[in-house]
1. Leaving out same-chain residues fewer than 8 places away, which lysines sit with a Cα under 16 Å from that of K392?
2. Using +1 on the beta carbon of Lys and Arg, -1 on that of Asp and Glu, and nothing else charged, what's the dipole of the chain about the Cα centre, debye to 20?
3. How big is the Rg/Rh ratio for segment 158-292, C-alpha atoms only, Rh by Kirkwood, two decimals?
4. Could you give me the ³J(HN,Hα) list for segment 312-327, computed from phi with Karplus coefficients 6.51, -1.76, 1.60 and θ = phi - 60°, whole Hz, x at Gly and Pro?
5. Structure shown: which of K306/K333; K116/K167; K108/K228 lie over 27 Å apart, alpha-carbon to alpha-carbon?
6. Which helices pass in the chain if a helix is a full DSSP H run, must span at least 15 angstrom along its long axis by Cα, and must have mean Kyte-Doolittle hydropathy not below 1.6?
7. Taking 0.36 nm per intervening residue step and subtracting the Cα-Cα distance, what contour gain separates N297 from D177 on full extension?
8. Rg and Dmax in Å for segment 242-366, alpha carbons only: what are they?
Amino acid sequence: MDKISTTLVLLGISLALCGAANPPQDDDCPNFDEWFFSNNATFENHPIEFEHPLPKWLRGTLIRNGAGQVEMGNRKFVNFFDGYAKLNSWRFPGNGSAFFSTKFIQSKVYTESVAKGDIAPFLTFEGVVPPFGEVERYESFLLNMDNTVVNVFNYSNKIVAMNDIWKVYEINPLNLDTLGEVNPPTPPTQYSNLFRLNVMSTAHPVKEYGTPHTFDILNTFSLMPGTKERLSVIRVTSLTGRELVAEWEIDRTSYMHSFSVTPNYVILLAAPYYVNMNDMLKYASVVGGMAWNAQDNATFYVVEIKTGKVHTLVTENVFVVHHINAFELRDGKIVLDVPAQPNPYAFSLYDLAYIHNKTARVNLIAKPVLTRYTLDLQTKNVQRLSLASGPKAPCVGALEMPVFNENYRHMNYCYIYGQVINYNGKGFSHIALVKKNLCDNAGDLMYTATHQYLTEPWFVPQPGGEDEDDGVLMASAFDGDKGMSYLLMLDPKTMTEINRSYMPTRIPFNFHGRFFDAVY
Ligand SMILES: [Fe+2]
């Protein structure tokens, strides 16, 4: 959504409320705004205490990525997504002790911004206030995006921080030091790279079935009007190793933040949310360069991993931020689960103007619907099924930030965990963590606690556990009453609290994380 559309959405919300004598506000939320304020404090392996003994099997490190600072000097970011990346980690050596670290990624944009006392001109997701001048806009377009604020992943035992861009930053998982920028060469192509930009990718790589490798995608933009753009599926073989799996030309590039993988296929869902490089240059922001065509269909690209052959299946309009899991049925059909969005306006959920407006944030800009797609490559039929919520957790169908037991990746499974923002219609600050039971929706569960603000959970499976939900669910949380951050642990079987540990400093809202069991 461009800036104009964003303004219209927020204006629409305001106008809708103008007639009300007492417009509802998201006001029963002590210290909620503080959750999105900057915090410069850093810690390295600070010992932390939990209220109860930790599971004896718990060994590894949870690392979460998010914004730690949303301004520099007199300039602010428009969207929390652009805040300077700050990592948080909880290290469990396996002897009952635990250690907390938090540090900024020493990216180019962060270090150059600190040095000049102003936001350095790199491409942003949604711009800065006051806006960059013309020269800085060109500069930011040329330098592209640098802030790897969204996710973390393990590439051949090297931990990297990432955004929807090709480059990543390598980090030391033991102390969160930044080891350096990694900008791998793109694989050779049969097409032209003349006047093309190989800059965008996704922040959600997916493991390949049966190998130590990972898949991601590469968007190739054209700077010449009338020429084709390109999509590629890439195999990540090491920190810098990239192999081409498939590539194909497209008329227009759709913004994609994630995708699905089964044992034999990589599945992309291209929504009509198009990226226009000229507009990106004009607004010096990714969102400014994107346009939502609500009347257009969406397209599934199903790539055969072995041959690189691409199947194209057209489906009705939809926008998807996060794919969840995917698998193949015995008859060859492909099943994939997604929180389906009616439009891409959910990104505006993290506009700081919306976040800090109690009246606006009563309204959810776009509500996702947990949806299962079944694809038939023979008939090109796409079946779309909305998954109804069970009675114990009526909000579960609106989950986002989905995770599941990664041991069940690429296969049929029962449980999805996620975050539901504004689960009760009272505002953004009312956040539930939920468990969707795909095998029996009577087993849907939710966890909420008054004045507790909860991020995406992460499921840590118990080694040797028999059940899919044997493990611990961990979430970064902020206690609004105490004004303190803590790590929350839930029993995934019951979605009840089993442990928590308060942190020595406030952790601002964070997006994604992973538990690395080989790092302790
Ligand atoms: Fe994401």
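The values are calculated or read from the model by the stated rules, or taken from the named source; none is laboratory data. Just so it is clear, the structure is predicted and the values come from calculations on it, not from any experiment. FYI the Cβ positions are ideal-geometry reconstructions off the backbone, even for glycines, and counts take in every protein chain you see. What goes into the accessible areas is simple: the full protein's heavy atoms, side chains included, and nothing from ligands, DNA or RNA. Shrake-Rupley method; radii C 1.70, N 1.55, O 1.52, S 1.80 Å.
1. The qualifying lysines are K435, K436, K493.
2. With only Lys, Arg, Asp and Glu charged at Cβ, the dipole is about 420 debye.
3. Taking Rh as the inverse mean 1/r over Cα pairs, Rg/Rh reads 0.97.
4. Taking θ as phi minus 60°, the curve returns 10, 10, 9, 9, 5, 3, 6, 10, 10, 8, 10, 7, 9, 9, 8, 7 Hz for segment 312-327.
5. Too far apart for the 27 Å limit: K108/K228.
6. Numbers: long enough: 3-18 (22 Å, 1.82).
Those that clear 15 Å and a mean of 1.6 are 3-18.
7. Extending this stretch completely gives an extra 38.8 nm.
8. 16.8, 53
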